[in-house]
Structures are given as structure tokens and as C-alpha cells.
Amino acid sequence: MRLYVGNLSYTTTEDTLREAFSNYGDVVSVQIMKDKFTEASKGFGFVEMGTEIQSERAIGGMNGKPVDGRRIRVSEALEKPKREGGARKFVKRDGERRERFDREKRGRSTYGDRDSNAEEY
């Protein structure tokens, strides 16, 4: 089971988390999320435990405990919802969803219902 670990200190390392969670069972993997440009910690990460029982023990034992001076939050990680591929979508005020490129395909501008190819009189 994969666990979400939040409120991490920005100085916490993956080795520190692995050591802290190893008291509750086999730690399969540890990942601290980092900014892709600066490589600085984002303050949260994920720990994968060997079994579900070990994961439940880790949640009960580690949630609210201080690690590197901050009380961490530990819970079961939720799956990130899948994004639809393709063009970006936008929501109109009435809640109807339409694809932006579809408006452009019909020859209308994205800022109004005027035909973008029409000549001004």
C-alpha cells in the first residue's frame, strides 16, 4: 500500500523517511516530491510499505509524529485522477463543457461569437 506523507520539513531526506518508517515493517520505496527546476522539496512525499498491515501500523504510528522538527501527516495515498488527453477544455458559465479548438475550427474567435475572418464594415 502506498502512503502519502505530508508536512515534511524541506530538509527531510528519503533516507530519513525510510529509517522512520522501517520501525513499522518493510519499506519498499520512498519518494519525496521535488520541484523539477530547483530540485527543492515540495514538502510531501510517498512511502510504499510491504504489506497492508504494515501500512496501517505505519499510519497509526507515524501520523502526527515529529520528523526533522515538523509533525508529519500520514494517510493512504489516493490515485491521481486521469486527465483527458487532447485539447484543453474550458467551462462556460452555464456549465457546458466544450473544446476550445472546436470553436476555432468553426471559424469563430475564442473571445466572442464573431467570425474571425469577417471583414469590418
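The values are calculated or read from the model by the stated rules, or taken from the named source; none is laboratory data. Quick caveat, the model's predicted, so the values are computed rather than measured. Cβ atoms come from the backbone with ideal geometry, glycine included; neighbour counts cover every protein chain shown. The accessibility values were calculated without ligands, DNA or RNA, using every heavy atom of the protein model including side chains. Shrake-Rupley method; radii C 1.70, N 1.55, O 1.52, S 1.80 Å.
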Quiz item: Pairs, please: C-beta under 7 Å, at least 6 apart or cross-chain, first residue closer than 16 Å to Val47 by Cα and in the stretch 63-75, second hydrophobic (A, V, I, L, M, F, W, C) and open to solvent by 90 Å² or more (accessible area, probe 1.4 Å)?
Solution: none
Self-check item: Qualifying positions in the stretch 1-58 - of a type in the set (Phe, Trp, Tyr) and more than 20 Å from Leu78 (Cα to Cα)
Solution: Tyr10, Tyr24, Phe37
Quiz prompt | Yes/no for Lys42 being within 15 Å of Thr12 (Cα to Cα) and among the basic types (Lys, Arg) | solution = yes
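Select from the stretch 16-41 the residues that are among the hydroxyl-bearing types (Ser, Thr, Tyr), part of a helix (DSSP H, G or I) and touching a residue at least 24 places away in the same chain (Cβ under 8 Å) and write down the one among them that is surrounded by the fewest Cβ atoms within 10 Å (Cβ to Cβ).
Residues of the stretch 16-41 that are among the hydroxyl-bearing types (Ser, Thr, Tyr), as a first pass: 16, 22, 24, 29, 38, 41.
Remaining after also requiring part of a helix (DSSP H, G or I): 16, 22, 24.
Those still in the list that are touching a residue at least 24 places away in the same chain (Cβ under 8 Å) too: 16, 24.
On the way: Thr16: 16, Tyr24: 20.
Result: Thr16.
Does Ser9 count as touching a strand residue (DSSP E or B) at 6+ places or on another chain (Cβ under 8 Å) and either touching a residue at least 60 places away in the same chain (Cβ under 8 Å) or not in a strand (DSSP E or B) (or both)? Give the derivation first.
On the way: touching a strand residue (DSSP E or B) at 6+ places or on another chain (Cβ under 8 Å): yes; either touching a residue at least 60 places away in the same chain (Cβ under 8 Å) or not in a strand (DSSP E or B) (or both): yes.
When the stated conditions are applied, Ser9 passes them.
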